[in-house]
Every structure is written in C-alpha cells, then in structure tokens.
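Notes for the one structure printed next.
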Amino acid sequence: VQLVESGGGLVQAGGSLRLSCAASGFAFSHHAMSWYRQVPGKEREMVASILRDSSSKTYGDPVKGRFAISRDNAREEVYLQMNSLKVEDTAVYYCNLQWMGEFYWGEGTQVTVSS
C-alpha cells in the first residue's frame with residue numbers, strides 16, 4: 001500500500017486549498033478512504049471519510065460545511081477541498097486506508113493557515 005499526499009501549503013485565513021492523495025498497491029475502488037489531521041501534541045483526528053462508491057461522506061464537526069471529500073476511482077485518487085480555512089485548521093493532513101484491521105498512512109502534507 002502506498003498513499004502519497006500533495007497540495008498542502010501556506011494560505012491566509014478564509015482561503016482555500018485542495019489536497020490530493022494518490023493511492024497504489026491495493027484495489028482502491030473497493031475501499032473507503034479518509035483524511036485525518038494532526039497537530040503536534042494532539043491526537044490525530046478524522047477530518048472526512050468517503051465510501052468506495054462515493055455514496056456516503058462523513059465529516060468531523062470542525063470542518064462540516066467548509067470541507068468536501070471526493071474521489072476518482074479511475075485515477076485512484078482521493079481529494080479534500082478545503083474552503084473558508086481557519087487558523088485552527090493548521091495541521092499535517094494524512095490520507096488513510098483502513099483494511100483488514102490495519103491503518104495505512106501517507107507521509108502527510110503540511111497545511112498552514114495564517115491570520
């Protein structure tokens with residue numbers, strides 16, 4: 001399994017970013033995918049999840065109404081559109097696969113929101 005995130009960066013509060021996660025090494029279209037984030041000293045928290053056929057999407061309370069998760073099974077990619085960014089969204093964002101009781105993570109991409 002390989003998960004490679006991209007699209008992070010520095011943005012001003014109120015701005016937008018789009019994260020991408022390129023997946024390989026497993027049957028991508030058969031699995032739900034998620035985005036998590038982590039701030040130093042805090043636990044990793046779920047940001048958004050999407051079922052394998054995009055029929056259902058779940059969001060963490062802090063990002064509801066601002067973030068949108070999507071996927072392209074043909075490209076084996078999952079995305080996170082982040083709008084109306086806040087300083088408190090600053091974190092490392094990770095792509096996640098949960099499979100057979102295992103958690104798989106990418107290296108993460110840093111998102112920094114300045115005031």
Taking only C-alpha pairs under 8 Å that are 6+ residues apart, what is the relative contact order of the chain in percent?
-> 36
Excluding ligands, DNA and RNA, the carbon-plus-sulfur percentage of the accessible area of the chain with a 1.4 Å probe reads 47
With every protein chain kept in place and a 1.4 Å probe, the chain has an accessible area per residue in Å² of 54
Tell me, in nm to one decimal, what length is gained between Leu10 and Glu88 on full extension, where the rule is 0.36 nm per residue of separation less the Cα-Cα distance?
-> 26.8 nm
The FRET efficiency for Met100 and Gln38, from their Cβ-Cβ distance with R0 = 25 Å and rounded to 0.05, is 0.60
May I ask for the equivalent-ellipsoid semi-axes of the chain, computed as the square root of five times each C-alpha gyration tensor eigenvalue and listed largest first in whole Å?
-> 23, 14, 13
Toy charge model, Lys and Arg Cβ at +1, Asp and Glu Cβ at -1: the chain dipole around Cα centroid in debye, rounded to 20, equals 260
Could you go through segment 31-44 in sequence order and give the Karplus-derived ³J(HN,Hα) for each residue, using 6.51 cos²θ - 1.76 cosθ + 1.60 with θ = phi - 60°, rounded to whole Hz, and x for Gly and Pro?
-> 10, 5, 10, 9, 10, 10, 9, 8, 10, x, x, 10, 6, 5
Could you pull out every one of the aspartates and glutamates with an alpha carbon less than 20 Å from that of Lys86, ignoring same-chain neighbours closer than 8 positions?
-> Glu43, Glu45, Asp61
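The values are calculated or read from the model by the stated rules, or taken from the named source; none is laboratory data. Since we're looking at a predicted model, the values are computed, not measured. No Cβ is skipped: glycine too gets one built from the backbone with ideal geometry, and neighbour counts run over all protein chains shown. Accessible surface areas use protein heavy atoms only, side chains included; no ligands, DNA or RNA. Shrake-Rupley method; radii C 1.70, N 1.55, O 1.52, S 1.80 Å.
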